[in-house]
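Participant: The structure is given below, and queries will be raised subsequently.
The values are calculated or read from the model by the stated rules, or taken from the named source; none is laboratory data. Just so it is clear, the model here is predicted, and its values are computed rather than measured. So basically every Cβ, Gly included, is an ideal-geometry build from the backbone, and we count neighbours across all protein chains shown. Accessible surface is based on the protein model in full, side chains and every heavy atom, while ligands, DNA and RNA are left aside. Shrake-Rupley method; radii C 1.70, N 1.55, O 1.52, S 1.80 Å.
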Amino acid sequence: MADRVTVIGWDGSPLTEAARGALGAATLVAGAPHHLALPEIPDAAERVRLGSLPLAARRVAAHRGTAVVLADGDPGFFGVVRALRAPEFGLEVEVVPGVSSVAAAFARAGMPWDDAHVVVAHPRTLRRAVNVCRAHSKVAVLTAPGAGPAELGLLLDGVHRTFVVCEELGTENERVSVLTSDKAPDHTWRDPNVVIVIGGPAAAVEGGGWIAGRDPAAGPRGWTQPAEAYGGIIGEGENELLRAAQLARLGPRTGDLVWDIGCGSGAFAVEAARAGAAVLAVDQDPASCARTDAVARQFGVQLQIVRGEAPHILENLPEPDVVRVGGGGAAVVSAVADRRPQRIVAHAATRDAAELIGRDLTEHGYRVECALLQSVGLDTKSWTENVRSVVFLLTGELPPRETAR
């Protein structure tokens with residue numbers, strides 16, 4: 001095992017005294033090609049190109065001597081420190097931090113970033129990173145080859161965003177470009193780069209916020225809100241307690257894309273968006289689309305609203321994680337199940353309709369649960385019944401082997 005391992009974050013500025021001292025004593029140095037060209041590296045030191053982090057960590061762990069690992073920005077922020085400290089390598093490291101590439105990117109843009117979400121995009125996580133960009137007004141994306149500005153722009157089709165693309169930060173080839181997301185696929189981008197994605201309503205915070213990213217306390221308390229919060233126009237399948245049960249079954253979260261088919265008043269779509277998910281609201285009624293847009297603005301959340309009739313309109317929509325079917329019955333549920341979301345919720349007014357939906361979900365390989373929900377609203381002045389709702393709630397869940405995405 002290496003006698004000493006020092007991780008140095010490099011942001012393009014002159015190396016600190018601590019970093020120069022560690023490099024001067026190194027017998028092995030790992031880093032990217034531009035790091036290994038630094039004049040401070042001793043001629044006799046073994047040089048390891050930092051490609052695969054696990055392979056580099058094994059080389060460092062097996063070295064007998066003093067090792068230094070160079071990384072861009074702050075190596076403790078989505079960086080190499082986590083890989084080196086993994087239990088299988090048993091390495092204790094000293095860290096000389098640099099300015100993170102995210103902080104540098106926002107500095108170049110002249111913007112605060114305490115209210116930004118930060119995500120890592122590589123081919124495996126690109127879709128989830130894009131969903132965060134759909135749902136939030138300020139996101140920094142740490143990209144990778146095959147998951148860069150062009151790919152982000154392509155997957156954000158239909159969602160207008162502004163990109164600030166920061167290439168090769170801290171080097172003599174540094175370049176900062178500002179363009180709309182639909183133009184990003186027309187360019188070739190140099191790695192490494194950071195993309196700041198901006199768009200949609202941003203809530204003003206007096207005196208600064210108290211937590212990084214989106215304030216979870218923004219908006220009224222409660223998973224669901226009463227009909228009055230949505231203008232009093234709530235459809236039969238949008239009962240507040242039914243929405244609460246649907247939200248609990250689907251569990252929308254940051255990085256998810258939720259389809260709300262038959263969005264009606266927009267109540268469920270807004271509540272899923274308040275949970276941090278990206279939401280695509282679908283309805284064939286122009287009045288419903290307009291109401292959904294209005295309540296989204298009222299609550300300060302971002303929705304993509306698609307007007308059209310299901311199931312045909314669903315064919316070209318991006319892949320969902322979870323889906324609420326608010327209208328269309330078994331035919332729409334079947335079309336949704338063909339796309340293999342992790343969970344689907346639907347409701348039915350009669351047992352026959354519930355059985356039809358349940359059989360279809362079962363035939364598609366979903367594990368099906370059904371509950372008869374009955375709620376009775378009481379007037380608390382006289383404690384008499386004022387509204388009653390009875391509905392069958394169906395949930396389809398893919399088996400575990402299909403849910404990893």
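Participant: Given the conditions (1) under 18 Å from the mean Cα position of the chain (by Cα); (2) of a type outside the set (S, T, N, Q); (3) farther than 17 Å from A296 by Cα, and given that A245 satisfies all but one, which numbered condition is not satisfied?
Facilitator: Here A245 meets the rest and fails (1).
Participant: Considering each of R388, R401, R324, R340 in turn, give the residue that is within 32 Å of the chain's Cα centre (by Cα), among the charged types (D, E, K, R) and at pLDDT below 95. So that I can check it myself, show each step before the final result.
Facilitator: Working: R388 fails: within 32 Å of the chain's Cα centre (by Cα); R324 fails: at pLDDT below 95; R340 fails: at pLDDT below 95.
Answer to the selection: R401.
Participant: What do you reckon, is A71 among the aliphatic types (A, V, I, L, M), touching a strand residue (DSSP E or B) at 6+ places or on another chain (Cβ under 9 Å), buried (at least 22 other Cβ atoms within 10 Å of the Cβ) and not in a strand (DSSP E or B)? Give the derivation first.
Facilitator: Details: among the aliphatic types (A, V, I, L, M): yes; touching a strand residue (DSSP E or B) at 6+ places or on another chain (Cβ under 9 Å): yes; buried (at least 22 other Cβ atoms within 10 Å of the Cβ): yes; not in a strand (DSSP E or B): no.
No, not satisfied.
Participant: From the list I233, I198, exactly one residue is among the β-branched types (V, I, T) and open to solvent by 70 Å² or more (accessible area, probe 1.4 Å). Which is it?
Facilitator: Answer to the selection: I233.
Participant: Which is free of Cβ contacts under 8 Å to residues at least 40 places away in the same chain, farther than 19 Å from H347 by Cα and assigned to a helix (DSSP H, G or I), of A290, A244?
Facilitator: When all the criteria are applied, what remains is A290.
Participant: Taking the condition assigned to a helix (DSSP H, G or I) and open to solvent by 80 Å² or more (accessible area, probe 1.4 Å), does R388 pass?
Facilitator: When the stated conditions are applied, R388 does not pass them.
Participant: Has the range 175-193 got at least one residue that is within 19 Å of the chain's Cα centre (by Cα) and within 23 Å of V120 (Cβ to Cβ)?
Facilitator: yes
Participant: Only residues that are open to solvent by 70 Å² or more (accessible area, probe 1.4 Å), out of contact with any Asp or Glu (no Cβ under 7 Å at 6 or more places or on another chain) and not in a loop (DSSP other than H, G, I, E, B): list them for the range 368-383, please.
Facilitator: Result: E369, C370, L372, Q374.
Participant: Restricting attention to the range 201-215, which residues are surrounded by 10 or more Cβ atoms within 10 Å (Cβ to Cβ) and modelled with pLDDT of 80 or more? Reasoning before the result, please.
Facilitator: Going residue by residue through the range 201-215, those that are surrounded by 10 or more Cβ atoms within 10 Å (Cβ to Cβ) are 201-203, 205, 209, 211-215.
Scanning the range 201-215 gives G209, I211, A212, G213, R214, D215.
Participant: A281 passes all but one of (1) over 16 Å from I234 (Cβ atoms); (2) assigned to a strand (DSSP E or B); (3) open to solvent by less than 10 Å² (accessible area, probe 1.4 Å); which number fails?
Facilitator: (1)
Participant: Checking the conditions here, which among I261, I234 is more than 17 Å from L303 (Cα to Cα), of a type in the set (V, I, T) and either touching a Ser or Thr at 6+ places or on another chain (Cβ under 9 Å) or in contact (Cβ under 8 Å) with a residue 24 or more places away in the chain (or both)?
Facilitator: On the way: I261 fails: more than 17 Å from L303 (Cα to Cα).
That would be I234, the only listed residue that is more than 17 Å from L303 (Cα to Cα), of a type in the set (V, I, T) and either touching a Ser or Thr at 6+ places or on another chain (Cβ under 9 Å) or in contact (Cβ under 8 Å) with a residue 24 or more places away in the chain (or both).
Participant: Let me ask something else. G148: open to solvent by less than 60 Å² (accessible area, probe 1.4 Å), modelled with pLDDT under 95 and in contact with an Asp or Glu (Cβ under 9 Å, 6 or more places away or on another chain), yes or no?
Facilitator: No, not satisfied.
Participant: Got a number for residues in the range 151-182 being crowded, with 22+ Cβ neighbours inside 10 Å, modelled with pLDDT of 95 or more and under 14 Å from R108 (Cα atoms)?
Facilitator: Result for the range 151-182: 3.
Participant: Residues of the range 260-287 being closer than 24 Å to L156 by Cβ and more than 15 Å from the chain's Cα centre (by Cα), which ones?
Facilitator: Those that are closer than 24 Å to L156 by Cβ and more than 15 Å from the chain's Cα centre (by Cα): D260, I261, C263, G266, F268, A269, V270, E271, A281, V282, D283.
Participant: Only one of (1) under 23 Å from R175 (Cβ atoms); (2) buried (at least 16 other Cβ atoms within 10 Å of the Cβ) is not met by V60, so which one is it?
Facilitator: (1)
Participant: What number of residues in the range 97-149 are over 19 Å from E319 (Cβ atoms) and in a helix (DSSP H, G or I)?
Facilitator: 10
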